[in-house]
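Quick note: the coordinates plus some simple rules give every number you see, no bench work behind them. This structure is a prediction, so every number in the text was calculated from the model and none was measured. No Cβ is skipped: glycine too gets one built from the backbone with ideal geometry, and neighbour counts run over all protein chains shown.
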Amino acid sequence: MLNIKNVTIAVETKQLLHNISFSIDAGKVHMLIGSNGSGKSTLAYALMGHPRYSVINGSFYFNEKNITQFSTEQRAREGMFLALQQPVMLPGVSVYTLLKEAWRVRSESLFSLTVFDERILAKARLLELDETMLHRPLDSGFSGGQKKKLEMLQLLVLRPKCAIIDEIDAGLDSDAFRCIGKALQKLREENPQVALLVISHNERMLEFLKPDAVHVMIDGRIVQTGDQSVMVACSRKGYHGTCR
């Protein structure tokens, strides 16, 4: 579903990622790990078409379509989604309104407000979010844990074909972490064909996700790929080129 082919990424004149290649099939989970500043979030932003990040070599393919020059909106319409590590506030735009309009675009002529309301309330309950939060401005005045839950709410409601999840678990207490894990399990249960790229430092994510592949990134390069044992080794030994 997602093919990253020999991609080099730069911001202005500085290269941050170097010749990155891997692919994720439908229904598979890949995890991307590495120390802070290794380039993991850079890849996430570049995959979603952030204009600051330039692809100076290689290509991104989604469902065999070259999306390298697509805008963020075009990529989202194709079925891609990015859950942000640090969500951006949108004062004046409520959580409910944002998701309703996004759902309307995805549903086109099949849009039903009743179905939407049932869906958003069910997902809010799963994430232990109070219904009143849905009518507040997006990420304005929310705690860190609530912001991360709202990212997951968007993911669960919109049901993309491919989701990139950028350290959604960082800084969470045990209850919030459990909710995020349950939400990811629910996403895969409802949509077995979703492709996931999960960026995380947290070995506990393995309680909820059994990744098909783990990629280790150091200094903007993929230096190792393996199974979930790679994540365990890196979490305990650090990132030193090889974690075994």
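Using a Cα-Cα cut-off of under 16 Å, which lysines could be cross-linked to LYS210, ignoring same-chain neighbours fewer than 8 residues away?
LYS28, LYS182, LYS186
With +1 on the Cβ of every Lys and Arg and -1 on the Cβ of every Asp and Glu, and nothing else charged, how large is the dipole of region 2-237 about its Cα centre, in debye rounded to the nearest 20?
Working: 29 positive and 26 negative charges, 51 e Å.
In debye, rounded to 20, region 2-237 gives about 240.
Sorting check: for 147-153, 110-116, which peptide has the highest mean count of neighbouring beta carbons within 10 Å, and how do the rest follow?
Values: 147-153: 23.7, 110-116: 11.4.
With the highest mean Cβ count within 10 Å placed first, the list reads 147-153, 110-116.
Per the helix-only calculation at 222 nm, which mean residue ellipticity applies to the chain, given -39500 (n - 2.57) for every DSSP H run of n ≥ 4 and division by its residues, nearest 500 deg cm²/dmol? Kindly include the intermediate steps, with their values, before the conclusion.
Working: 7 runs with 84 residues, N = 244.
Calculated at 222 nm, the ellipticity per residue is -10500 deg cm²/dmol.
Where a Cα-Cα gap under 14 Å defines reach, which aspartates and glutamates qualify for LYS14, not counting those fewer than 8 residues away within the same chain?
ASP219
Over what distance in Å are the Cα centres of region 3-69 and region 172-244 separated?
Value for the Cα centre distance between the two parts: 17 Å.
Going toward the positive end of the dipole of the chain, with +1 on Lys and Arg Cβ and -1 on Asp and Glu Cβ, which of LEU98, THR8, GLN74 do you reach last?
Value: THR8.
Rounded to the nearest 5, what % of DSSP beta bridges with both residues in the chain are antiparallel? Provide the component values of the computation, followed by the final result.
Values: 23 of 40 bridges.
Here the share of antiparallel DSSP bridges comes out near 60 percent.
Can you give me the orientation-averaged projected area of the convex hull built on the Cα atoms of region 93-173, in nm²? Could the numbers behind the result be given before it?
Working: hull surface 22.2 nm².
For region 93-173, averaging the hull's shadow over all directions gives 5.5 nm².
Need one number: nm distance between label points at SER54 and GLN185, each 7 Å from Cα along Cα→Cβ, rounded to one decimal.
Spacing of the two 7 Å Cα→Cβ label points: 4.6 nm.
If you count, for each residue, the other Cβ atoms within 10 Å and average over each peptide, how do 99-105, 172-178, 26-32 line up from highest to lowest?
Ranking, from highest mean packing down: 26-32, 99-105, 172-178.
Quantify how much of the Cα-Cα distance distribution of the chain extends past 32 Å, in percent. Present the calculation step by step, with values, prior to reporting the outcome.
Values: 5455 of 29646 pairs.
Result: 18 percent of Cα pairs exceed 32 Å.
Using a basic spin-label model with each label point 7 Å from the Cα along Cα→Cβ, how many nm lie between VAL232 and SER21?
A separation of 3.0 nm, rounded to one decimal place.
Go ahead and set up a Gaussian network model of the chain, Cα springs under 10 Å, then flag whichever of SER94, SER41, SER107 fluctuates most.
SER107
Gain in length, ARG136 to VAL223, computed as 0.36 nm per residue apart minus the alpha-carbon separation, to one decimal in nm?
Numbers: separation 87, 0.36 × 87 = 31.32 nm, distance 4.31 nm.
Stretched fully, the ARG136-VAL223 segment lengthens by 27.0 nm.
Just to check I understand the Karplus step: with θ = phi - 60° and J = 6.51 cos²θ - 1.76 cosθ + 1.60, what whole-Hz values come out for region 133-138, glycine and proline as x?
Karplus-based 3J(HN,Hα) across region 133-138 equals 5, 5, 9, 9, x, 4 Hz.
First select every other residue whose beta carbon is under 15 angstrom from the beta carbon of GLN146; then total the charges, Lys and Arg +1, Asp and Glu -1. The partial results should precede the final answer.
Values: positive: LYS123, ARG125, ARG136, LYS147, LYS148, LYS149, ARG178; negative: GLU128, ASP130, GLU131, ASP139, GLU151, ASP169, ASP173, ASP175.
Computed value for this residue: -1.
With a Förster radius of 25 Å, plug the Cβ-Cβ distance of ARG106 and ASP175 into 1/(1 + (r/R0)^6) and report the FRET value to the nearest 0.05. The partial results should precede the final answer.
Working: r = 31 Å, r/R0 = 1.22.
Approximately 0.25, to the nearest 0.05.
Can you compute the FRET efficiency between ASP212 and TYR61 using 1/(1 + (r/R0)^6), with r the Cβ-Cβ distance and R0 = 22 Å? Round to the nearest 0.05. Show your work: numbers first, answer last.
Values: r = 19 Å, r/R0 = 0.85.
Using R0 = 22 Å, I get an efficiency of 0.75.
What order, most packed first, do the peptides 211-220, 123-132 have when packing is the mean number of other Cβ atoms within 10 Å of each residue? Intermediate results must be reported in sequence, preceding the final value.
Values: 211-220: 20.5, 123-132: 15.4.
Top of the packing list down: 211-220, 123-132.
Need one number: % antiparallel among DSSP beta bridges in region 133-244, to the nearest 5.
Details: 5 of 10 bridges.
Percent antiparallel among DSSP bridges in region 133-244 is about 50.
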